[in-house]
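Working notes, structure below.
The values are calculated or read from the model by the stated rules, or taken from the named source; none is laboratory data. Since this is a predicted model, take the numbers as computed values, not measurements. Every residue, glycine as well, gets a Cβ built from its backbone with ideal geometry; the counts of neighbours run over all protein chains shown. Side chains included, ligands, DNA and RNA excluded: accessible areas come from the protein's heavy atoms. Shrake-Rupley method; radii C 1.70, N 1.55, O 1.52, S 1.80 Å.
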Amino acid sequence: QLQASGGGSVQAGGSLRLSCAASGRTVSSATVGWFRQAPGKEREFVATIPWHRDDTVLADSVKGRFTISRDNAKNTVYLQMNSLKSEDTAVYYCAAQWSGISGIYFHVRDYEYWGQGTQVTVSS
């Protein structure tokens with residue numbers, strides 16, 4: 001139901017935009033999150049956009065560089081990544097939940113549906 005794309009290899013300071021396209025359900029009623037997992041590390045929260053609020057929440061490590069947004073017409077959520085650093089290198093996953101419960105969700109266990117990962121590699 002979720003298809004993540006847009007990863008690639010860039011130099012430090014560059015930009016990428018990841019896409020998370022949903023099928024079968026609408027992202028307008030979902031809380032969608034982006035997570036990432038570097039080799040040997042646990043999957044960590046990056047950003048989320050709740051269904052019931054206009055604001056978004058970002059991890060401190062990406063604030064000021066990443067933005068998350070939603071295009072309801074395209075049924076897609078984006079993660080715009082600017083000023084990329086080598087430490088941003090990871091496999092990025094999008095996830096969603098359609099529980100309809102209001103809240104901000106930071107944990108892997110909060111999300112029911114996951115897309116396949118997309119690799120982001122930043123070289124210094």
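Some points to look at:
A quick yes/no check of all residues on (1) in contact with a helix residue (DSSP H, G or I) (Cβ under 8 Å, 6 or more places away or on another chain); (2) open to solvent by 30 Å² or more (accessible area, probe 1.4 Å); (3) under 19 Å from G13 (Cα atoms):
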{"position": "T67", "(1), (2), (3)": "no, yes, yes"}
{"position": "R70", "(1), (2), (3)": "yes, yes, no"}
{"position": "K74", "(1), (2), (3)": "no, yes, no"}
{"position": "A95", "(1), (2), (3)": "yes, no, no"}
{"position": "G100", "(1), (2), (3)": "yes, yes, no"}
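- Selection count where residues are among the β-branched types (V, I, T) and at pLDDT 95 or above, scope region 17-30: 0
- R109 open to solvent by 60 Å² or more (accessible area, probe 1.4 Å), of a type outside the set (S, T, Y), over 22 Å from G6 (Cα atoms) and not in a loop (DSSP other than H, G, I, E, B): yes
- Of everything listed in (1) surrounded by fewer than 14 Cβ atoms within 10 Å (Cβ to Cβ); (2) touching a residue at least 24 places away in the same chain (Cβ under 8 Å); (3) of a type in the set (A, V, I, L, M, F, W, C), the single unmet condition for L84 is (1).
- Filter result for the condition that a residue is outside any strand (DSSP E or B) and at pLDDT 95 or above, over V62, V46, V91, V120: V62
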